[in-house]
Amino acid sequence: MKAVVMAGGFGTRLRPLTCNLPKPMVPMGNRPMMEHIFSLLEQHNFTDVSAMLYFSPEDIRGYFQDGKKFGLKMKYFLPTGDLGTAGCIKFAQEELDETFLVMSGDVLTDFDLTDALKFHKEKKALATMVLTRVTNPLPYGVVIIDEAGRITRFLEKPSWGEVFSDTINTGIYILDPKVLDEIPADRNFDFSKDLFPKLLQEKKPIYGYVANGYWKDVGDLREYRLAHQDILEGRVSIKVQGKKMHFVKKEHEAVVWADKDVDVQDGVEFYGNCILGKNCRIESGAKIENSVIGENCVIGSGSQISGSVLWKNVRVGRESVVREAVIGEKTLIGDRCHIQVGATIADECVIGTGAQIRANVKIWPHKILEDGAVLATSLIWAEKWSRSLFGAYGISGLGNIEVTPEFAAKVGAAYGAYLGKDAYVVTSRDAHKASRMIKRAFISGLLSSGVRVGDIRTSPIPVMRYEMGKEGESGGVHVRISPFSGNMIDIKIMDKDGGDISILQEKSIEQLFLREDFKRANIEDSGEIQASPRSQEYYKTGFLKAIDKEMIRQARLKVVIDYAYSSASMVFPAILGDLGIEVVALNSYLSPQKITKTEKEFQNSLDQLSNIVTTLKADIGFLIDNGAEKIFMVDERGRIVPDHQALVAVAYLALKSMDSGAVAVPITETSVIELLAAKSKMKVIRIPTMSRHIVSASRAEGVRFVGDGVGGFIFPEFQSAFDAMYAIAKILEMLASRKTRIGHVLREIPYKIDVQHRKIPCAWDKKGQVMRLAMEHFKDKNPDIVDGIKVKLKDAWVLMIPDPDEAYFHIWVEAEEERKARDLLRDITEKVTKWMV
C-alpha cells in the first residue's frame, strides 16, 4: 500500500528547538517523530512511502535514505513553492495510482490504520478523514458525521461559538486517486480550506472514521514535553529502544528502558519511568525522574533531572537541577546550575557554573551564559501566548506584567517585519500614561523594522479607524486600558481599511513573534516618526458630509451627553456645534484615572444621566464608552433603555428610515426584529456574536445598519466600524425625520421583547462534547450553526453557545408565552447539564 507523509513543516512553535532542524526530525523518545510514523506505516503494510519535503530536506533524506532500514521503499518530493497540503499531493500525482494514505510526519499516534482502510473500502469513499475526539477542538477542524459515517459538516479551526462537536480532523486521510482530479495543479490548495469544502458542496462520498487510540499534535513546547510523559506512562503504543529494567527501592518502583552501553553508577536513584539512550553515563548520587535522556549524555553526580527531555550529547555537571525542561543537542550545563520549569535550551549552548535559568525562558542555539548568571528574561507568559497571541479584543494582558515595554517592542517589530520596510503605520492611544508607555515601545519595534510611523497621540478609536487609507497607511495600532479591567492593557491592530486584522494576518504576525528571528532594518534604513496625520480634520469633514445636518438642525433637540472622560470630548463638541444641537455635556475632559468603570460606577453614571435628562426635560441622553465605540441611552422620560431594547429601537428606526438593503444583528437577539422587518422593504441577516464577525457583516453589500446588542451600532454609510459619535448623530437624524423620540419608538413596537438567558458552569474539556451531543439531539430540527447551535421550535427558539473565555455555557430562549420560555429554558438547562457527564 502507498502512503504520503507531509514533512515540510518549519516547526515555528517548537522554536528554538527547530531553528536548525525540521520538525519531523525532532526526537521523540530518542527517535525522530517521523520515524515513529514510519514504524506505524510499516506495521500496517503501507510500505511504499512518498515524503513531501520543504524545509531543510537534506536532514530527512540523509537520515531515512532509501527507507530499507525501516522496512519501507522511500521516494522524496520537493515542490517548487508553497502549494498547500492538497497541492503537494497533486505534485506527486504520477506516483499515486491506487488508494493511498496521507498523514503528517510530526504527530504522535498509534491508530489502527488497517481498520481505517477497511472502513474506507467498505464505504466506497472518495475520501475518508480519520477522526478523533478531543477536549479542546479549537485548533483543529471540527467534523459532524451521520449514522453511516458520512461527513455532513466541516469547519476548520472554529471559535467556541462555532464548535458543533468535539470530533476533529486528525490530518490523516485515505484517498481514492480520483480525488486528485479535484485538485488544481501548481497552485496553493489546502485539504481543509479548499478540497473538503468543495467535495461536501458537490455531495461527493466523503466519510469520517472515528479512530480509537492515541493521537497528539505536537504543536508547541508544552505539548512536546507532555507527549514524552505520555510515552513514559504507556498511553501511546510505540516502540521504545532499549532493555526494560525495574529498579525497586523501599516504597517505590521505577521502570527504565536502557539502550546498549549505558553506565549507571552506584547510588543512582530512578523514580517513575525513564528512557536512557545508548552510551549514557549517570554518575553516582544522581536522581532521574520521569525523564528521557538522549544518547551519549552525561549526568553528573548529585544532579537531579525530573520531567525533562535531554537530547543527545548533553552534559550536565555535578549537583545541578533540571525540572520539566528541554535541553538541546550538545549543550553543556555546568555544576550547581538550576534550570526551572518550562525552560528550553537549544543546541550547543554553554550554561556556566552556578547559573540559574528562570521558568519558561527560551535560549536560542550557540548562546553562552556566564558563571553565576541569572537569566530571567520576562517571557513568563510566553507559554500562554505560544498558543494564541491574539484574543477577542486584540492583544490583552496585565499592564507591566504581561504587556511590558519589552513585549510591546517585540510585537511591534514582528508586525513591522510582517508589513515590510517602508510601510506606513498610524498609531494612537487613550489618555492613560501606561498606554503612552506601551505605544511608544510598540513604535520602537516598528521603527526597528524600517516602518514609518504617523502618531496621532490621544484619539478616539473611530477617528483612528477613519484615518486609515487617507495617506497610504498599511495598518494602524491603538493602545488602551481595557474597558473591563483597569489593570489590563489592550493592543488593537487594524488593517489598511480600518477594520481589525483578519485571523490569517494574526497568525502570520504571531508566527513571526514566536520565531523571534524576524528581520530588522539596517541602521540607515530604520523607520522615522512623521508629522501627525490630519485625522480629526478628515473625520469631521467626512462625518458632516454623511449626516443630514439640516434635518437635525430643524428638530432643535436638547441632548445630554456623558463623555465619561473619554477622548471623544476632543472631537465631538465641534461636530455637535455644526449640527445646531443644544447639548448638556457631562465629564467632557480627559481623566486617565477614570478610564475604567466598575459595574457599580457604570450604573451610577446611568442613574446620574437619567436624573439630568428628567430635570432638564431633555429629548434623550447618551453615555459614551471610553473608546468612543459604544453608547448607552436614556429616553425622554429618564428611563434607562436596556441594551437589547436599544438595538430593537434603532433597528426599527433604520427599517422605517431606509428603503432598501439589510440590517444585521447577532443570532442571540430577539426575533421581534424579523417581525418588524416583514413590514418593511428590508431584510434581516443573523450574524455571530464576536465583534470581528459583526464588523465584517457591516462590509457586506447592501447592509445599511448593524448592531451588537451591547451598545455598539454601525452605519456603513460613514464607516464600517463601531462609532459612538456617528451613532448618536444618526439616531438623532432618524428621530428628527420621523418627529419622534426613542421612548415613543419603543412604545410603538407591538411585540414583547423578552429573550431569556442563563449561564451555567461547564468544564473546558466538556464543551465540545456538549455541542456534539446537542447536534445529535436536534439533528431533525435542522439546527442553525451561525454561532453555537440555534434550534427553531414552534413559536420559540433556543440557542446554545460555549463561552469563549470562561468555563461556562450560555443558553438563550425566546417564546411567545413567558411560561413556555421558562419551561424551555429549564428543559434545555437540564439537557446541557446531562450532556456534560
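The values are calculated or read from the model by the stated rules, or taken from the named source; none is laboratory data. Quantities reported herein were computed from a predicted structural model and do not represent experimental measurements. Here the Cβ is made from the backbone with ideal geometry for all residues, glycine too, and neighbour counts use every protein chain on show. Keep in mind that these areas ignore ligands, DNA and RNA; they rest on the heavy atoms of the full protein, side chains included. Shrake-Rupley method; radii C 1.70, N 1.55, O 1.52, S 1.80 Å.
For region 68-120, the candidate set comprises residues that are assigned to a helix (DSSP H, G or I) and hydroxyl-bearing (Ser, Thr, Tyr); within that set, the residue that is farthest from Tyr54 (Cα to Cα) is Thr114. Within the option set Ile760, Ile753, being at pLDDT below 95 and in a strand (DSSP E or B) holds for one residue only, Ile760. Out of Tyr224, Tyr140, one residue alone is hydroxyl-bearing (Ser, Thr, Tyr), closer than 30 Å to Val326 by Cα and at pLDDT below 90. It is Tyr140.
For region 547-565, state whether one or more residues are in a loop (DSSP other than H, G, I, E, B) and over 22 Å from Ala727 (Cβ atoms).
Within region 547-565, the subset in a loop (DSSP other than H, G, I, E, B) is 547-548, 556-557, 563-565.
With the extra rule that they be over 22 Å from Ala727 (Cβ atoms), the set shrinks to none.
The answer is no; no qualifying residue exists.
Within region 753-770, being among the charged types (D, E, K, R), open to solvent by 20 Å² or more (accessible area, probe 1.4 Å) and within 30 Å of Thr167 (Cβ to Cβ) holds for Arg758, Lys759, Asp765, Lys766. Do you know which residues across region 421-435 are closer than 14 Å to Asp490 by Cα and among the basic types (Lys, Arg)? Matches in region 421-435: Arg429, Lys433. Please go through region 297-307 and pick out each residue that is in a loop (DSSP other than H, G, I, E, B), within 41 Å of the chain's Cα centre (by Cα) and touching a residue at least 24 places away in the same chain (Cβ under 8 Å). Gly307, the sole residue that qualifies. Scanning region 185-197 for any residue that is farther than 20 Å from Leu504 by Cβ, open to solvent by less than 30 Å² (accessible area, probe 1.4 Å) and either in contact (Cβ under 8 Å) with a residue 40 or more places away in the chain or outside any loop (DSSP other than H, G, I, E, B) (or both) turns up nothing.
Filter the strands (runs of 3 or more DSSP E) completely within region 628-712 down to those with at least 1 residues that are open to solvent by 10 Å² or more (accessible area, probe 1.4 Å). If you could, list the steps in order and put the result at the bottom.
Working: elements: 631-634, 662-666, 683-687, 703-707.
Answer list for region 628-712: 631-634, 683-687, 703-707.
Count of region 211-241 residues, restricted to those that are over 21 Å from Gly141 (Cβ atoms), part of a loop (DSSP other than H, G, I, E, B) and either open to solvent by 20 Å² or more (accessible area, probe 1.4 Å) or of a type in the set (Gly, Ala, Ser) (or both), is 8. Residues in region 402-422 that are under 24 Å from Lys470 (Cα atoms), assigned to a helix (DSSP H, G or I), open to solvent by 20 Å² or more (accessible area, probe 1.4 Å) and of a type outside the set (Phe, Trp, Tyr): Ala417, Leu419.
Would you check if there is a residue in region 400-423 being among the aliphatic types (A, V, I, L, M) and at pLDDT below 90? The answer is yes, given that some residue of region 400-423 is among the aliphatic types (A, V, I, L, M) and at pLDDT below 90.
In this structure, Leu732 does not qualify as open to solvent by less than 30 Å² (accessible area, probe 1.4 Å), under 30 Å from Thr132 (Cβ atoms) and among the hydrophobic types (A, V, I, L, M, F, W, C). Between a first residue in region 213-241 that is on the phi > 0 side of the Ramachandran plot and a second residue that is at pLDDT below 90 and open to solvent by less than 30 Å² (accessible area, probe 1.4 Å), which pairs have beta carbons less than 9 Å apart while being 6 or more apart in sequence or on different chains? Every condition considered, no pair remains.
Restricting to region 508-523, give me the number of residues that are modelled with pLDDT of 85 or more and out of contact with any Phe, Trp or Tyr (no Cβ under 7 Å at 6 or more places or on another chain). Please lay out each step first, then the result.
To start, the set of residues in region 508-523 that are modelled with pLDDT of 85 or more comprises 508-510, 512-513, 520-523.
Add one more test, that the residue is out of contact with any Phe, Trp or Tyr (no Cβ under 7 Å at 6 or more places or on another chain), and what stays is 513, 520-523.
Of the residues in region 508-523, 5 are modelled with pLDDT of 85 or more and out of contact with any Phe, Trp or Tyr (no Cβ under 7 Å at 6 or more places or on another chain).
Say whether the condition of being open to solvent by 10 Å² or more (accessible area, probe 1.4 Å), in contact with a strand residue (DSSP E or B) (Cβ under 6 Å, 6 or more places away or on another chain) and touching a residue at least 40 places away in the same chain (Cβ under 8 Å) is met by at least one residue in region 72-88. Yes, region 72-88 contains a residue that is open to solvent by 10 Å² or more (accessible area, probe 1.4 Å), in contact with a strand residue (DSSP E or B) (Cβ under 6 Å, 6 or more places away or on another chain) and touching a residue at least 40 places away in the same chain (Cβ under 8 Å).
This table checks each residue for (1) open to solvent by 60 Å² or more (accessible area, probe 1.4 Å); (2) part of a loop (DSSP other than H, G, I, E, B).
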position: Val255; (1), (2): no, no
position: Lys260; (1), (2): yes, yes
position: Asp266; (1), (2): yes, yes
position: Phe270; (1), (2): no, no
position: Ile275; (1), (2): no, no
position: Gly285; (1), (2): no, yes
position: Ile288; (1), (2): no, no
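Looking only at residues in region 423-456 that are in contact with a Lys or Arg (Cβ under 7 Å, 6 or more places away or on another chain) and among the charged types (D, E, K, R), which one is most open to solvent (accessible area, probe 1.4 Å)? Among residues in region 423-456 that are in contact with a Lys or Arg (Cβ under 7 Å, 6 or more places away or on another chain) and among the charged types (D, E, K, R), the one most open to solvent (accessible area, probe 1.4 Å) is Arg436. Considering only residues that are of a type in the set (Asp, Glu) and under 19 Å from Met725 (Cβ atoms), look in region 600-626 and name the one that is modelled with the lowest pLDDT. Restricting to residues being of a type in the set (Asp, Glu) and under 19 Å from Met725 (Cβ atoms), the top hit is Asp625.
Looking at region 1-54, which of the residues that are outside any helix (DSSP H, G or I) and among the basic types (Lys, Arg) is nearest to the chain's Cα centre (by Cα)?
Filtering region 1-54 for residues that are outside any helix (DSSP H, G or I) and among the basic types (Lys, Arg), the one nearest to the chain's Cα centre (by Cα) comes out as Arg15.
Within region 290-313, the set of residues being among the hydroxyl-bearing types (Ser, Thr, Tyr) and surrounded by 20 or more Cβ atoms within 10 Å (Cβ to Cβ) comprises Ser291, Ser303, Ser308.
Gly486 passes every criterion in (1) more than 23 Å from Val695 (Cβ to Cβ); (2) over 24 Å from the mean Cα position of the chain (by Cα); (3) open to solvent by 10 Å² or more (accessible area, probe 1.4 Å); (4) among the small types (Gly, Ala, Ser) apart from (2). Flag set for His744, criterion: open to solvent by 10 Å² or more (accessible area, probe 1.4 Å), outside any loop (DSSP other than H, G, I, E, B), over 30 Å from Val163 (Cβ atoms) and not charged (D, E, K, R).
Which residue out of Glu162, Glu156 is without any contact (Cβ under 8 Å) to a residue 40 or more places away in the chain, within 25 Å of Met771 (Cα to Cα), in contact with a Pro (Cβ under 9 Å, 6 or more places away or on another chain) and among the acidic types (Asp, Glu)?
Details: Glu162 fails: without any contact (Cβ under 8 Å) to a residue 40 or more places away in the chain.
Among Glu162, Glu156, only Glu156 is without any contact (Cβ under 8 Å) to a residue 40 or more places away in the chain, within 25 Å of Met771 (Cα to Cα), in contact with a Pro (Cβ under 9 Å, 6 or more places away or on another chain) and among the acidic types (Asp, Glu).
For region 312-356, what are the residues that are assigned to a loop (DSSP other than H, G, I, E, B) and more than 18 Å from Ile368 (Cα to Cα)? Correct list: Lys312, Arg318, Glu319, Glu324, Val341, Gly342. Within region 763-795, the set of residues being outside any loop (DSSP other than H, G, I, E, B), of a type outside the set (Val, Ile, Thr) and touching a Leu at 6+ places or on another chain (Cβ under 8 Å) comprises Lys781, Lys790, Leu793. For the criterion of being without any contact (Cβ under 8 Å) to a residue 24 or more places away in the chain, under 25 Å from Leu576 (Cα atoms) and surrounded by fewer than 21 Cβ atoms within 10 Å (Cβ to Cβ), Pro750 fails.
Hey, among Lys507, Lys545, Lys519, which residue is more than 14 Å from Gly475 (Cβ to Cβ), open to solvent by 90 Å² or more (accessible area, probe 1.4 Å) and without any contact (Cβ under 8 Å) to a residue 60 or more places away in the chain? Spell out how you get there, then give the answer.
Details: Lys507 fails: open to solvent by 90 Å² or more (accessible area, probe 1.4 Å); Lys519 fails: without any contact (Cβ under 8 Å) to a residue 60 or more places away in the chain.
Unique residue meeting the criteria: Lys545.
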